[in-house]
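To start, the structure itself, in structure tokens.
The values are calculated or read from the model by the stated rules, or taken from the named source; none is laboratory data. Computed from a predicted structure; not experimentally measured. Here the Cβ is made from the backbone with ideal geometry for all residues, glycine too, and neighbour counts use every protein chain on show.
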Amino acid sequence: MTRVRPEAFGAIDLGGTKILSIVATADGHILGEDLRPSRTADGLEAVMRYMVYSLDAALNSAGRQRQELPAVGIASPGAVDAVNGIVPDAPQLPGWRDVPLRDLMAEELGLRVFLENDASAAALGEHVFGAGRGSRYMLFLTISTGVGGGIIIDGKLYGGKSGAAGELGHFVIDADGPPCGCGARGCLESLASGSAIARRGRELLARGQSPGLARLAEAEGDVTTEMMYRAAADGDEGCREAFRQAGRYLGIALAGYVNVFDPEVIIIGGGVAQAGELLLEPARQAMEELAMTQPLRGVRLVAGELGKGAGALGMVAVMRGQLQKEPVNT
Ligand SMILES: [Zn+2]
């Protein structure tokens, strides 16, 4: 007896340090995956090769062939032009400028390719398969090295005129604040990202104000937010305060988003979200203190459910949606 195998999609989440590839069914069940370094300093052609190896490894662990895939989705950093399949530039991808990544990878793989910004893809992933299931008005922020975002309006990803909308991390909170990667000052990203929290950690070390962090840094090297989270969990007051401060800035931004979008749910993903309530509790407090009464009513602020798989699963949702819309040629 032969079992009918469910259709599977391939998805690649390209990051500044890692490539995550998955092979998953249309309902988000992951059949195989591969995680490897993206080595972006090696340049465009090499990174494309690593993406192909990674996808093939995920196919291998799923027991599938490349030719079985109806399409492959790629989530990329940068203000991606999803309509034309172009990555304009991104701090995580040195040397890339107006790269037609969708068409290049389609050629390389011999398959149809869809391209989307990584944070937008992760927003879709959480909306379709994660903490935002069933919502129609949802905001998603991913806090890692930087802060990315995605906006779901009436059940659909809001792209703006070029697909570049949703940069919730570049919402100015303090115009005299620290310089931001985008060229402005005092954006949420410059105050509450993983880089901003780690910068605060290094200041604490320099001033001798964080004995817990000092012990970890001596054993493990340069300060990371993950290290700071462990120190905070062990009761290090300096690190706890650094997360509380970032959480408060986050909440100030959230109050603005609440007033503008009137969302049902706000989901926080990305590596820094592992700090959980240490970050979310002061964020919720600031949001409730500052937002207007009516749009604030009933807003849920929660951590994402999909972790590092959100972007790749979001691409599965993109492909599923796109291919369903198209008439089948027989
Ligand atoms: Zn900025």
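Just for segment 96-143: of the residues that are of a type outside the set (Gly, Ala, Ser) and touching a Phe, Trp or Tyr at 6+ places or on another chain (Cβ under 6 Å), which one is surrounded by the fewest Cβ atoms within 10 Å (Cβ to Cβ)?
Only one residue fits best here, namely 139.
Residues of segment 159-216 being outside any helix (DSSP H, G or I), within 26 Å of residue 120 (Cα to Cα), out of contact with any strand residue (DSSP E or B) (no Cβ under 8 Å at 6 or more places or on another chain) and more than 8 Å from the ligand (Cβ to nearest atom), which ones?
Passing the criteria: 159, 160, 161.
Among the residues of segment 24-35, are any assigned to a helix (DSSP H, G or I) and in contact (Cβ under 8 Å) with a residue 12 or more places away in the chain?
No.
Do you know which residues across segment 186-227 are without any contact (Cβ under 8 Å) to a residue 40 or more places away in the chain and aliphatic (A, V, I, L, M)?
Answer for segment 186-227, where residues must be without any contact (Cβ under 8 Å) to a residue 40 or more places away in the chain and aliphatic (A, V, I, L, M): 198, 204, 205, 206, 213, 214, 216, 217, 219, 223, 227.
Just a yes or no: is a residue in segment 303-326 outside the structural domain of residue 140 (by TED's automatic domain parsing) and among the β-branched types (Val, Ile, Thr)?
Within segment 303-326 (the criterion being outside the structural domain of residue 140 (by TED's automatic domain parsing) and among the β-branched types (Val, Ile, Thr)), the answer is yes, since at least one residue qualifies.
Criterion first (more than 17 Å from the chain's Cα centre (by Cα), surrounded by fewer than 22 Cβ atoms within 10 Å (Cβ to Cβ) and either under 21 Å from residue 141 (Cβ atoms) or within 14 Å of the ligand (Cβ to nearest atom) (or both)) does residue 264 satisfy it?
Criteria met by residue 264.
Quick check on this structure: which one of 273, 246 is part of a helix (DSSP H, G or I), aliphatic (A, V, I, L, M), in contact with a helix residue (DSSP H, G or I) (Cβ under 8 Å, 6 or more places away or on another chain) and within 16 Å of the ligand (Cβ to nearest atom)?
On inspection, the qualifying residue turns out to be 246.
Of all residues being assigned to a helix (DSSP H, G or I) and touching a Phe, Trp or Tyr at 6+ places or on another chain (Cβ under 9 Å) in segment 36-55, which is surrounded by the fewest Cβ atoms within 10 Å (Cβ to Cβ)? Just the residue, please.
If we take residues in segment 36-55 being assigned to a helix (DSSP H, G or I) and touching a Phe, Trp or Tyr at 6+ places or on another chain (Cβ under 9 Å), then 42 is surrounded by the fewest Cβ atoms within 10 Å (Cβ to Cβ).
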